[in-house]
Amino acid sequence: MVSTCNALLIAPSTVSPLLGISATATAHALGLVFALSTDTITSPTAASIQSQTIIIQQQQKQATSPQEAAAAAVGGGGSGGPIPILEIVKVYGKLAGSECYGKPSPSGSSCQIQLKDIQQTVSTLSRNEFSVKLNSNEYVFQWPLKPYGLEKSLSKTATMNKGAETRVFMEELEDRGLYNPRNPTGPLPTSLRPALNKALQKEGILDSRAIDITYNAFTAEANTNTDSNTVTNSKEDGDNNNGEYVDYYTFLKMIGTESISWPK
């Protein structure tokens, strides 16, 4: 509840000068005293400010010029401009499972989204419900793998164990103090995937536009009469549970790469 002290703030024009101090200065001084006297003032929450700050930092890291960096500072927090690629990775890493072209993906990684899950999402969840569930612990983030090879050789993706957006992955490890590239005896970056997964899961999806653009793409995909935007992969022989899947690159095409802010 907002403190009653805030009700005492009045327009500068109605304050009489005190000891030669101007009315405006007096009002400002009173406002400062009253603001400091209460713990419940109407201001953005610390969590909201931190989330917007992180998004701004992501956009500034990916800016190519001081002008773009300044624009990111003004338009951060999901209000405009391209969506930071890290936020897109977070969404995909929460939605994708361990199924990886007929093989299980390595521990701590995700690989593909089942097409039936996309169809179920848009048929049973509203946009708001999708957002709430995606930011809950019901969906656990795991850094996605980069598809490796073409057609049948895509089955090597799990074996190669190469994460998508390698540059972003490495930058996040360094920025969060998980990896020091100047330490030759340090751990392999791949082994730090679980630690980064945990940090990003706790951080959550900070730019709601990443969720919105995904929901829109899923809706369009579910309504289409073709499978031109999906990748169909058969599992190993002997398993009749074949299905259709969307990999990381296909996901980017679905949402539109032009809407993403990439590292420069």
* **Paramagnetic label zone (point 7 Å from Cα along Cα-to-C-beta, Ala195; backbone N under 17 Å) in region 128-167** => 143
* Express in whole angstrom the spacing between the alpha-carbon centres of region 147-217 and region 83-113. => 9 Å
* Cross-link partners among lysines for Lys156, C-alpha distance below 24 Å, same-chain residues fewer than 8 apart left out? -> Lys90, Lys94, Lys103, Lys116, Lys146, Lys235, Lys253
* **Point-to-point label distance, Lys264-Tyr139, nm (Cα→Cβ direction, 7 Å offset)** => 3.0 nm
* To do: Could you sort 211-217, 171-177, 122-128 so that the peptide with the highest average Cβ count within 10 Å comes first and the rest follow in order?
  => 211-217, 171-177, 122-128
* Asked: Ordered by residue, what ³J(HN,Hα) values in Hz, to whole numbers, does region 210-221 give under the Karplus form 6.51 cos²θ - 1.76 cosθ + 1.60, where θ = phi - 60° and Gly and Pro are x?
  -> 5, 6, 4, 5, 5, 4, 4, 5, 5, 5, 5, 5
* Put +1 on the Cβ of every Lys and Arg and -1 on every Asp and Glu Cβ in region 82-261; which of Ser105, Tyr179, Pro147 then has its Cα farthest towards the positive end of the dipole? -> Tyr179
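FYI, it's all coordinate maths here, none of it is from the lab. Just so it is clear, the structure is predicted and the values come from calculations on it, not from any experiment. Virtual Cβ from ideal backbone geometry, glycine too; neighbours counted across all protein chains shown.
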